[in-house]
Amino acid sequence: MEDELFMRFCRDIFAGVTMAMASLAVFAAVASMLQQAGMDFAGSFTAGVLLSLVGTLWSAFKRYGVVLVPSLTVTGYLVFIVAVSHGLGWQAVLGISFLSSVLGLLFWWGSKYIPCRELPAIFPWGIKLALAVFLIGLGLKMGRIVIASPWQVMMLGDAADPLMYWSMAGIVLTLVLVAGGWRSALFIGMVAVGMVTFVEGFWVIPEAPFFLPEGLDKVIGQLSFSVPDAKGRVFYGVTVFSLLVLLSAVHWSTFASLSRAGKPAEGVRFLFVLGAAGAVCGVPPLVVSPVSVAASMSQNSRKTLGTVVLFFALALFSEPIIASAAEFPAMAVPVLAGSGFYLLLNTLKHCPLSEQKEEQRAEVLAVSVLVLLLFLSGDFATALGTSIIGYALFMSVSGRFRQVAGSVWLISGIFALYYVYGSMF
């Protein structure tokens, strides 16, 4: 009995370490992008870690079982499209994040009073399937196992590339352990690759591995809502709306797929509250980290997330080490790909297809669109919006117009506006 309790405790800790280590590189990457828009690197790194720590701690308290980190995709969009290309600056980026989060909170708070049927069961299932394939693809691309090809979508990378070689070795080891039923498969794969690549010298511990958290005074309360001209104000407003739709899609998709507590609408409201607080503190919107899949290996999500919070607290003083490890991300690849395979195995156990052939065709086509678009583009909003619009059209063409839920038509209309506004800039 004591041995069993000890093994459960170890699994909880291993799952937490796995999720934390796979998430740490995000903080350095986000701070580096924001630095290109003129934001102080140390301040953005410190603020990002602190808010993620608070958000993940709250997630543990609410038993959501998910890790929260700044979004690389959303940050990249805001930095390179809004701040750099249109010259609005990082203060305006924070202002846009704040307004989008406040509007998102109001929208999702009011949505519970709208008498609408829920989305068909195939969509939550399809989101899990799409997220599983996306995670596998993300791991393969991060490890340069697959690379861009001039004559097809992608091709295998060069086995002489150390990153490709050790990433592939980590994935093979992890999948062998998964097939053998090892609950600590992701942890073992990550640690094994990390140790070997460190010994081989592919990443090193810097001479000054630690630093004191600093720079918060340069980023807190710096958000701006001022725009110089009328054209800029139009773009500002369109961006707020676009980000609102994008964050709604990302939050709902990931929370519905990965949260232990369920209640995706409640989770989305929680994330929008954090988004507004983050904008004031100098942090782009937080999202559910995909590596939260690893929480399924644990018995006690509070212990697991407590371990994550502890590592985030240590990360406040360890930015040089994190940046060094992020330059050779082979140890994160087995976690991403392995998490995708874990989610894939769990998702394929049950498929809630309708019994009617006409509805089955519409559901299979919609899910196929969702999986392919998310895998190829990495854009949750585009993938989910196109899939829902497609489902409404597929059902209508097959004579099932009246069976399409009102929520499907409402979401289809919102995404249609999102595409129209997005095409203006």
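The values are calculated or read from the model by the stated rules, or taken from the named source; none is laboratory data. Please read these numbers as outputs of a predicted model, since none were measured by experiment. Every residue, glycine among them, receives a Cβ derived from its backbone with ideal geometry; neighbour counts consider all protein chains shown. For the accessible areas, the whole protein counts, side chains as well, though only heavy atoms, and no ligand, DNA or RNA atoms are used. Shrake-Rupley method; radii C 1.70, N 1.55, O 1.52, S 1.80 Å.
Apolar share of the accessible surface for the chain: 67 percent from carbon plus sulfur atoms, 1.4 Å probe. For the chain, a Gaussian network of Cα nodes joined below 10 Å ranks K128, K357, K141 by mean-square fluctuation, and the top entry is K357. Look at the alpha carbon pairs under 8 Å that are at least 6 residues apart: their mean separation over the length of the chain gives a relative contact order of 33 percent. Have a look at S100, S184, S398 and tell me which one the Gaussian network model of the chain (Cα, springs below 10 Å) gives the largest fluctuation. Most flexible of the set in this elastic network: S398. Close amide H contacts of V146 (hydrogens built in the peptide plane, cut-off under 5 Å, sequence separation of 5 or more or a different chain): K141, G157.
Please work out the average accessible area per residue across the chain, using the 1.4 Å probe convention, and give it in Å². Each residue of the chain exposes 45 Å² on average to a 1.4 Å probe. Each residue of segment 45-55 is assigned a 3J(HN,Hα), and the resulting list reads 5, 4, 5, x, 5, 4, 5, 5, 4, 5, x Hz, derived from the Karplus form 6.51 cos²θ - 1.76 cosθ + 1.60 (θ = phi - 60°), x at Gly and Pro. For W409, the accessible surface of its heavy atoms amounts to roughly 90 Å² (probe 1.4 Å, protein chains only, rounded to the nearest 10). Each residue, D217 and Q152, gets one label point 7 Å from its Cα in the Cβ direction; the gap between the two is 5.8 nm. Give me the mean projected area, in nm² to one decimal, of the convex hull enclosing the Cα positions of the chain. If you wrap the Cα atoms of the chain in a convex hull and average its projections, you get 22.7 nm².
Taking every DSSP helix (H) stretch of at least 4 residues in the chain, weighting each as -39,500 (n - 2.57) and dividing the sum by the residue count yields a mean residue ellipticity at 222 nm of -22500 deg cm²/dmol. The order of M195, M19 by accessible area, most exposed first and with a 1.4 Å probe, is M195, M19. Close amide H contacts of V69 (hydrogens built in the peptide plane, cut-off under 5 Å, sequence separation of 5 or more or a different chain): V287, S289. Just checking the listed ones, G143, G110, G38: in the Gaussian network model of the chain with Cα springs under 10 Å, the one fluctuating most is G110. Exposed loop sites, defined as GluC sites (Glu not before Pro) outside DSSP H, G, I, E and B with at most 16 other Cβ atoms within 10 Å, are absent from the longest region of the chain, namely 1-117. Take the Cα of L393, step 7 Å toward its Cβ, do the same at M7, and the gap between the two points is 5.2 nm.
Each Cα pair under 8 Å and six or more residues apart adds its sequence gap; the mean of these over the residue count of segment 319-425 is a relative contact order of 18 percent. Could you pull out the pairs from K128/K263; K218/K303; K62/K218; K128/K357; K141/K357 whose alpha carbons sit more than 26 Å apart here? Listed pairs above 26 Å: K218/K303; K62/K218; K141/K357. The separation of segment 133-163 from segment 90-105, counted between C-alpha centres, amounts to 34 Å.
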